[in-house]
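The block underneath contains the structure these notes are about, expressed in structure tokens.
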Amino acid sequence: MSILTDPRRPGPGGRPEGRPPQRPAAKSTQKPLASITPARLAAFEILERVATSSAHSDDLLYGSGLALLSQADKNLTTALVLGTLRWQIALDARIKPLLQRPELTLAQPVQTALRLGAFQLLHMDRIPAHAALSESVELARAAGHPYAVGMVNAVLRKLAAAKPPGQRLHESTAAFAERLGHPSWLAERWVTNYGRATALAICEYDQQEPRAGDLFSQEDTEEGGSQPRLDDGSRLVGELAAASVSGAQRIWDCCAAPGGKTLLLAQRHPQADLLATDVSSYRLRAMAQRLQRDVHGKKVRTIEADASTLSEDEGLFDLILCDVPCSGTGTLARNPEIRHHLRPSDLARQAERQRAILSAALLRLAPGGRLIYSTCSLEPEENEQVVKVVFEGAKEKTGISLVSAEPVVARLQEQGVLAAEANVAKLTRDGFLRTLPGAGFEGDGFFAAVFVRG
């Protein structure tokens with residue numbers, strides 16, 4: 001049932017202090033709902049779910065909930081949701097000075113209605129201003145906040161009439177982070193780790209719809225008609241893993257869901273016994289269904305398992321892909337809400353889990369085998385630092401070595417998988433695979449390290 005019409009579910013953020021419950025709210029929503037287009041209503045509900053729960057926009061946009069919408073409404077819903085999430089920080093910065101009481105926290109549905117209206121006014125030139133404004137007003141009313149209707153109307157009218165802010169001659173990191181909808185702490189990290197120009201390029205890339213890159217050769221893509229649909233960064237990691245061991249007989253994809261890289265491994269090594277595990281039963285079921293739709297994927301064994309505690313009965317593997325859960329800061333163009341939930345303290349928590357998975361996976365590597373450790377994070381704590389700590393602890397006991405990823409990436413180009421014009425040197429850094437969105441690379445940001453057991 002819609003969050004706007006479900007009387008058992010209060011609006012997120014509650015009601016203003018001192019106001020009594022408004023029992024007639026359910027009746028009063030009927031008229032406003034009729035005047036709200038399906039796409040805006042769906043976008044509002046998804047944004048509310050993302051703001052008030054652990055739901056992901058990707059799951060909500062591509063799940064069954066939008067099945068009744070026309071394709072045009074689905075497209076508009078997607079544009080509204082992802083655009084509002086990408087620009088949320090910048091939108092809030094434009095909205096706040098226009099409030100009579102900027103120091104007060106708005107009820108969540110009111111804030112969502114304002115953000116949705118502001119995004120349309122500032123970033124969607126094909127939507128009439130009156131439609132963006134009037135429907136945002138009705139969304140606030142329908143969500144059970146009629147007291148806020150006048151305020152929403154006034155703020156959006158001021159915003160529509162305001163001149164765009166001028167470009168500063170020089171922006172501080174905090175200023176360009178706000179302008180480009182990123183937390184300042186994250187932009188500061190990228191300036192420190194990659195330099196100002198690269199940090200700015202990453203932020204600018206994150207504000208656009210993900211686009212197809214030209215990293216892979218057209219001939220290879222056309223020949224593999226059944227290849228899984230993967231972002232160039234994800235595919236590069238999968239191809240790196242597949243090309244690391246020729247003729248592998250036993251392969252383990254230890255954090256496999258949603259299964260795109262698993263499918264690529266299955267297609268590149270059709271002779272192998274391939275095991276795919278994931279700790280999430282829900283994600284594992286979805287992946288298993290996906291694998292069953294591919295002739296090579298049908299051969300993959302799937303097991304619900306924590307990669308750090310895989311049963312010893314599974315033995316050793318010639319090739320292991322250890323694409324671990326991470327902060328996802330390399331995927332903000334595709335998953336914009338991450339920036340609103342992530343905190344600096346999360347990086348240490350993620351790194352602890354990553355070290356446990358990598359340490360356990362290295363113990364399952366057969367002599368002569370290779371393990372690819374990867375993340376879609378741009379943060380050293382989850383990448384180089386994890387590799388360094390685990391390698392120092394494993395090299396003496398298990399004969400583990402680190403080898404450069406560059407020769408394998410070069411071999412992919414020689415084999416015609418990568419486009420001839422792809423700059424291999426820009427895909428690697430200090431022996432690791434490293435892609436930086438917008439900084440000479442059209443795709444998600446990934447890191448990968450190659451371990452070998454002597």
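The values are calculated or read from the model by the stated rules, or taken from the named source; none is laboratory data. None of the values given here were measured: they were computed from a predicted structure. Virtual Cβ from ideal backbone geometry, glycine too; neighbours counted across all protein chains shown. Calculation scope for accessible area: heavy atoms of the full protein, side chains included, ligands and nucleic acids excluded. Shrake-Rupley method; radii C 1.70, N 1.55, O 1.52, S 1.80 Å.
Taken as a whole, the structure leaves residue 432 outside the set of residues that are open to solvent by less than 50 Å² (accessible area, probe 1.4 Å) and touching a residue at least 60 places away in the same chain (Cβ under 8 Å). Scanning segment 305-320 for residues being touching a strand residue (DSSP E or B) at 6+ places or on another chain (Cβ under 7 Å) and either charged (D, E, K, R) or under 17 Å from residue 281 (Cβ atoms) (or both) gives a total of 5.
Within segment 114-130, residues that are within 22 Å of residue 143 (Cβ to Cβ) and among the β-branched types (Val, Ile, Thr) reach partners that are open to solvent by 30 Å² or more (accessible area, probe 1.4 Å) and part of a helix (DSSP H, G or I) with beta carbons closer than 9 Å, at six or more positions or on different chains, in the pairs 127/76; 127/121.
Modelled with pLDDT of 85 or more, of a type in the set (A, V, I, L, M) and open to solvent by less than 40 Å² (accessible area, probe 1.4 Å): does that describe residue 33? Criteria not met by residue 33.
All but one of (1) modelled with pLDDT of 95 or more; (2) open to solvent by 50 Å² or more (accessible area, probe 1.4 Å) hold for residue 339; which doesn't? Result: residue 339 passes all but (2). Would you confirm whether or not segment 377-390 contains a residue that is among the hydrophobic types (A, V, I, L, M, F, W, C), crowded, with 22+ Cβ neighbours inside 10 Å, assigned to a loop (DSSP other than H, G, I, E, B) and in contact with a helix residue (DSSP H, G or I) (Cβ under 6 Å, 6 or more places away or on another chain)? Yes - at least one qualifying residue is present in segment 377-390. For residue 62, the criteria (1) under 18 Å from residue 142 (Cβ atoms); (2) within 16 Å of the chain's Cα centre (by Cα); (3) open to solvent by 40 Å² or more (accessible area, probe 1.4 Å) hold in every case but one, which is (1). Screening segment 216-238 for residues that are crowded, with 21+ Cβ neighbours inside 10 Å and over 26 Å from residue 79 (Cα atoms) and picking the one that is modelled with the lowest pLDDT gives 216. When segment 83-126 is limited to residues that are of a type in the set (Lys, Arg) and part of a helix (DSSP H, G or I), the one that is nearest to residue 330 (Cα to Cα) turns out to be 86. Within segment 413-454, how many residues turn out to be at pLDDT 95 or above and not in a loop (DSSP other than H, G, I, E, B)? Qualifying residue count for the region: 9.
Looking only at segment 65-77, how many residues end up being open to solvent by less than 30 Å² (accessible area, probe 1.4 Å) and over 22 Å from residue 283 (Cα atoms)? Of the residues in segment 65-77, 1 are open to solvent by less than 30 Å² (accessible area, probe 1.4 Å) and over 22 Å from residue 283 (Cα atoms). Among the residues of segment 172-196, those identified as part of a helix (DSSP H, G or I), in contact (Cβ under 8 Å) with a residue 60 or more places away in the chain and either surrounded by fewer than 16 Cβ atoms within 10 Å (Cβ to Cβ) or on the phi > 0 side of the Ramachandran plot (or both) are 185, 193. Taking the criterion of being basic (Lys, Arg), in a helix (DSSP H, G or I) and over 10 Å from residue 256 (Cα atoms), the residues of segment 277-301 that qualify are 285, 290, 298, 299.
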